[in-house]
1. With the condition kept exactly as written, say whether any residue in the stretch 180-189 is on the phi < 0 side of the Ramachandran plot, surrounded by 14 or more Cβ atoms within 10 Å (Cβ to Cβ), touching a His at 6+ places or on another chain (Cβ under 7 Å) and in a loop (DSSP other than H, G, I, E, B).
2. Mind telling me which of the residues 194, 217 ends up being of a type in the set (Val, Ile, Thr), under 30 Å from residue 281 (Cβ atoms) and either open to solvent by 20 Å² or more (accessible area, probe 1.4 Å) or not in a helix (DSSP H, G or I) (or both)?
3. Where residues in the stretch 114-140 are of a type in the set (Asp, Glu) and at pLDDT below 95, which of them is nearest to residue 59 (Cα to Cα)?
4. Considering the stretch 262-292 alone, what residues qualify as being among the basic types (Lys, Arg) and either modelled with pLDDT of 95 or more or not assigned by the TED database to the domain that holds residue 235 (or both)?
5. Please enumerate the residues belonging to the stretch 163-179 that are of a type in the set (Lys, Arg) and open to solvent by less than 70 Å² (accessible area, probe 1.4 Å).
6. With respect to the numbered conditions (1) in contact with a strand residue (DSSP E or B) (Cβ under 9 Å, 6 or more places away or on another chain); (2) assigned to a loop (DSSP other than H, G, I, E, B), which one is the sole condition not fulfilled by residue 229?
7. Can you name every one of the helices (runs of 4 or more DSSP H) wholly within the stretch 1-113 that holds 3 or more residues which are open to solvent by 40 Å² or more (accessible area, probe 1.4 Å)?
8. Looking only at the stretch 271-304, count every residue that is free of Cβ contacts under 8 Å to residues at least 12 places away in the same chain, outside any helix (DSSP H, G or I) and either touching a Pro at 6+ places or on another chain (Cβ under 9 Å) or under 30 Å from residue 220 (Cα atoms) (or both) and tell me the total.
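The values are calculated or read from the model by the stated rules, or taken from the named source; none is laboratory data. Everything numeric in this text was worked out from a predicted model, so none of it was measured. Positions of Cβ are backbone-derived with ideal geometry, glycine not excepted, and every protein chain shown enters the neighbour counts. These accessible areas exclude ligands, DNA and RNA; they are computed on the full protein's heavy atoms, side chains included. Shrake-Rupley method; radii C 1.70, N 1.55, O 1.52, S 1.80 Å.
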Amino acid sequence: MIGYFGPAGTFTHQALLAISDEEAIPFVSVGEALDAVREGHVAEAVVPIENSVEGGVSATLDKLVDGDPLVIRAEVVIPVEFGLYVRPGTTLDQVRAVLTHGHAAAQCRDWLATMIPEAHVTEAGSTAGAAQEVADPTSRHDAAICARVAGQLYGLQELAHSIEDNPGAVTRFIVVSRPGALPERTGADKTTLVAYMQEDHPGALLEILQQFAVRGVNLCRIESRPTKTLLGSYCFAIDAEGHLADRRLAEAMLGLHRICREVVFLGSYPRADEQPSTVRRGFDDEAFEEASRWLEVLRREPEA
């Protein structure tokens, strides 16, 4: 059984349908979906982690490390297209109250300011939930900003489509499970981790980044998150190119373990775009292995 951050009709639901046709359970929050995996109610869960416009999804980043270990097994990238949906018969000049998710509102800010500047926008738990609420004839909201699938699901009329301010925006979703055997290395992989500084001092972040740089590991994303202990105390959520089975990535992890207070490994998994990692000369597995053999030769005592 697989779970997802619901309800039906969200972009998360679309991401789920892109990878699975099995029966799925929607959850009202990212935290509940991830906890359901931890507790064994579902084997996996699909949740959003990053948007190309709004950045990281803080609820997911925080909940991944808050509790028993979880790992990412796959990722899915879905194009983000929003429309304005109303109860049949409503016209654009009648729209005074709009309901949608906060990220959707932010991504449609310019369109809203231009087309319905007098409308008040209220945040909902999800875009699909907004569509469901607006479909109720007694709702005080006139319109929902949501995906077309949600508008159709709840019988709403489309007043405008592709109203997002940044055409081409995408959201990245992850498939999360309890720890187990890692997905096989493909050569087009990504590794996610969270690094906690040993202590705050000048160059502390640089020390973390150097563990990757000196081993030829490219970073796809780095984001600071508060540790929720002291004001000004941060950890760093990192996506790095490569798989834990790659020597360069494994060596970087060892380096982080030496200098950090804690390193939380969140998985190695295939990239959604299937883009192979570019490995510079001297940083492939063979180069690391040859260097290890050379060092062993140096360590041998000379023969009498």
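1. Yes, the stretch 180-189 contains at least one residue that is on the phi < 0 side of the Ramachandran plot, surrounded by 14 or more Cβ atoms within 10 Å (Cβ to Cβ), touching a His at 6+ places or on another chain (Cβ under 7 Å) and in a loop (DSSP other than H, G, I, E, B).
2. Values: 194 fails: under 30 Å from residue 281 (Cβ atoms).
Selected residue: 217, the only one of 194, 217 that is of a type in the set (Val, Ile, Thr), under 30 Å from residue 281 (Cβ atoms) and either open to solvent by 20 Å² or more (accessible area, probe 1.4 Å) or not in a helix (DSSP H, G or I) (or both).
3. The qualifying residue nearest to residue 59 (Cα to Cα) is 123.
4. At the first step, the residues of the stretch 262-292 found to be among the basic types (Lys, Arg) are 271, 280-281.
271 - this is the single residue of the stretch 262-292 that is among the basic types (Lys, Arg) and either modelled with pLDDT of 95 or more or not assigned by the TED database to the domain that holds residue 235 (or both).
5. Taking the stretch 163-179 first, the residues of a type in the set (Lys, Arg) are 172, 178.
Selection gives 172 alone.
6. (1)
7. Values: elements: 11-19, 30-38, 58-65, 102-107.
By residue number, 11-19, 58-65.
8. Number of matching residues: 1.
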